[in-house]
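Following: one structure in structure tokens, then a few remarks.
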Amino acid sequence: DAGVIQSPRHEVTEMGQEVTLRCKPISGHNSLFWYRQTMMRGLELLIYFNNNVPIDDSGMPEDRFSAKMPNASFSTLKIQPSEPRDSAVYFCASSPTGIDNEQFFGPGTRLTVL
Amino acid sequence: KNEVEQSPQNLTAQEGEFITINCSYSVGISALHWLQQHPGGGIVSLFMLSSGKKKHGRLIATINIQEKHSSLHITASHPRDSAVYICASGGGADGLTFGKGTHLIIQP
């Protein structure tokens with residue numbers, strides 16, 4: 001198995017632009033998680049899905065952030081409009097079933113908003 | 001609100017030493033995770049535990065639910081163990097709360 005796949009690996013954009021991050025979970029995993037990591041705040045859970053349904057989105061910072069999971073093999077995290085303070089590494093992870101299970105992390109997307 | 005504290009923040013040790021990293025959390029949880037983040041940035045899940053002890057190779061994780069405390073131990077440490085170790089607690093509908101991480105350096 002290729003593991004969790006994220007794209008792009010690096011993204012540099014200008015303030016105000018729309019940014020879309022993509023994630024393909026491990027086949028057969030029912031849960032998907034989006035995390036953000038910054039030097040100041042460390043790792044933070046943004047949102048997670050069970051069977052394509054959002055379970056907890058309390059970590060989503062504000063309305064500029066949205067996440068979707070249209071099917072079991074694909075999820076997107078969108079930021080519109082982007083701001084410099086959104087610069088971070090965004091990780092996607094998947095697990096076989098739920099948050100109380102081992103999670104497998106993707107390589108992350110390093111986002112820089114100028 | 002769950003708060004997760006890790007100690008120490010930084011740890012430098014010699015190869016072969018026994019390493020202990022501690023994690024305390026403030027509210028009852030259903031699961032505690034230990035993660036390892038390599039210098040290149042990749043994250044690997046080491047353990048997920050809700051009670052007792054788990055062992056994988058030279059790594060041992062323990063949790064005391066009553067004291068709201070978990071420890072990660074590394075026996076016969078090696079330079080390749082150098083990484084950031086992060087604990088995260090929570091679970092169910094409450095999501096996960098992460099500690100700030102422990103930066104471990106094992107010198108040859």
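Results for (1) within 11 Å of the chain's Cα centre (by Cα); (2) within 12 Å of chain A (Cβ to nearest Cβ), shown as yes or no for each residue.
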position	(1), (2)
B:ILE43	no, yes
B:SER50	no, yes
B:PRO79	no, no
B:ILE86	yes, yes
B:GLY99	yes, yes
B:PRO108	no, no
From the list B:GLY42, B:GLY95, B:GLY52, which one is out of contact with any strand residue (DSSP E or B) (no Cβ under 6 Å at 6 or more places or on another chain), surrounded by 13 or more Cβ atoms within 10 Å (Cβ to Cβ) and free of Cβ contacts under 8 Å to residues at least 12 places away in the same chain?
B:GLY42
Suppose the filter is under 25 Å from B:TYR85 (Cα atoms) and in a loop (DSSP other than H, G, I, E, B); does A:ILE26 pass it?
yes
Filtered residues of segment A:56-114 (kept if of a type in the set (Asp, Glu), touching a Phe, Trp or Tyr at 6+ places or on another chain (Cβ under 9 Å) and within 13 Å of chain B (Cβ to nearest Cβ)):
A:ASP56, A:ASP57, A:GLU102
The strands (runs of 3 or more DSSP E) lying wholly within segment A:59-114 that contain at least 2 residues that are hydrophobic (A, V, I, L, M, F, W, C) and under 15 Å from A:ARG9 (Cα atoms) are A:88-95, A:109-113
Selection within segment A:57-82 - touching an Asp or Glu at 6+ places or on another chain (Cβ under 8 Å) and either small (Gly, Ala, Ser) or touching a residue at least 40 places away in the same chain (Cβ under 8 Å) (or both)
A:GLY59, A:ALA67, A:LYS78, A:ILE79, A:GLN80, A:PRO81, A:SER82
B:GLU3 passes all but one of (1) at pLDDT 95 or above; (2) charged (D, E, K, R); (3) under 18 Å from B:GLY101 (Cβ atoms); which number fails?
(1)
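The values are calculated or read from the model by the stated rules, or taken from the named source; none is laboratory data. Remember, predicted model here, so these are calculated numbers, not experimental data. Cβ atoms come from the backbone with ideal geometry, glycine included; neighbour counts cover every protein chain shown.
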